[in-house]
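To keep things clear, I will list the structure first and then write my remarks on it.
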Amino acid sequence: MQTVQHSDNAKIAIQPGFAWDGQDAYLFDIDGTLLRSRDRVHFESVATGVRRVTGFEVTLAGIAIHGNTDTGILREACSRAGIPAQVLDQQIEAILMPGVKETLNHLADRGALLGVATGNLEMIGWIKIEAAGLREWFRFGGFSDRFPVRSEMVGHAARKARDLAGENATVCVVGDTPRDIEAARANNLSVIAVATGHFDFEALLAFEPDVCATSLTDLMAATRTTS
């Protein structure tokens, strides 16, 4: 597996011969993959995103978190750090949504079927997807309501994908944890791991996914560079 480092922070590793954007269907995890989890990692990643995109250092210490929106938190942190409002306005999408919409659009344009495979209950999962403005891309999902074991839930979602895309459709899992990788392998599915949750690039790479990337943004940037 070859690792390509595009910058000090961006890393991509792809198994030789694997076309990450050439699969028939994709199963996306939600928390940590499509959406940032609202925990310590979530808020640290916001600060990291600001630093990577703008070059400014910010801290979230002393900022009211509960009841606040990500955008509100970000604006207050940047204001305290002396970051000009116009700098933030130009870069806010790159900070808050690291490549998700671009990736979904890219895969959809290539004719892929998109679904979710998540440990959320179905009602909660769709609420999160709709609130983030991502519902238009997803036709189906696998949830934990009837499948408390992740590998079984992913297997169920893969069967739904093949019901829609054809019995021989290639299905790829996209997630941010070793459990996503293990669940994909348990069902003989390919898997893309992104280090946007609790696990860093090296920790995910050790589980030998077909693709490992520091983020979907970095994966898309590498794709543009090599295309």
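Keeping all protein chains in place, calculate the accessible area per residue for region 105-146 (probe 1.4 angstrom), answer in Å².
Numbers: 2190 Å² over 42 residues.
Heavy-atom accessible area per residue stands at 52 Å².
If you roll a 1.4 Å probe over region 149-197 with all protein chains in place, what percent of the accessible area is carbon or sulfur?
On the way: 860 of 2040 Å².
Answer for region 149-197 is 42 percent, counting heavy atoms of protein chains only.
Compute the long axis of helix 40-54 from its Cα atoms, compare it with the longest principal axis of the Cα atoms of the chain, and write down the angle in degrees, 0 to 90, nearest 10.
70 degrees
Quick one: which residues, 5+ away or cross-chain, put their amide H under 5 Å from the amide H of residue 195? H built at 1.01 Å from N.
So residue 195 has HN proximity to 213, 214, 215.
Name the residues whose placed amide hydrogens come within less than 5 Å of the amide hydrogen of residue 113, ignoring near sequence neighbours (fewer than 5 apart) on the same chain.
Correct list: 25, 26.
With the Cα gyration tensor of region 121-161 in hand, convert its eigenvalues to equivalent ellipsoid semi-axes via √(5λ) and list them largest first in whole Å.
They are 20, 12, 6 Å, listed from largest to smallest.
Could you order 202, 208 so the one with the most accessible surface comes first? Probe is 1.4 Å.
Largest to smallest exposure gives the sequence 208, 202.
Can you send over the solvent-accessible area of residue 76, 1.4 Å probe, protein chains only, in Å² to the nearest 10?
Its accessible surface works out to 60 Å², give or take rounding.
Give me log10 I(q)/I(0) at q = 0.14, 0.21, 0.22 Å⁻¹ for region 78-185, Debye formula, one equal scatterer per alpha-carbon, no solvent.
Relative scattering, expressed as log10 I(q)/I(0), comes to -0.65, -1.19, -1.27.
Calculate the spin-label point distance for residue 152 paired with residue 59, positioning each point 7 Å from the Cα along the beta-carbon direction, and give it in nanometres.
Between residue 59 and residue 152, the label points sit 4.8 nm apart.
P(r) tail for the chain, what percent of Cα pairs lie past 26 Å?
Counting pairs separated by more than 26 Å, the tail of P(r) holds 36 percent.
The values are calculated or read from the model by the stated rules, or taken from the named source; none is laboratory data. No experiment lies behind these values; they were computed from the predicted model shown. Positions of Cβ are backbone-derived with ideal geometry, glycine not excepted, and every protein chain shown enters the neighbour counts. To get the accessible areas, we keep the full protein, side chains included, count just its heavy atoms, and leave off ligands, DNA and RNA. Shrake-Rupley method; radii C 1.70, N 1.55, O 1.52, S 1.80 Å.
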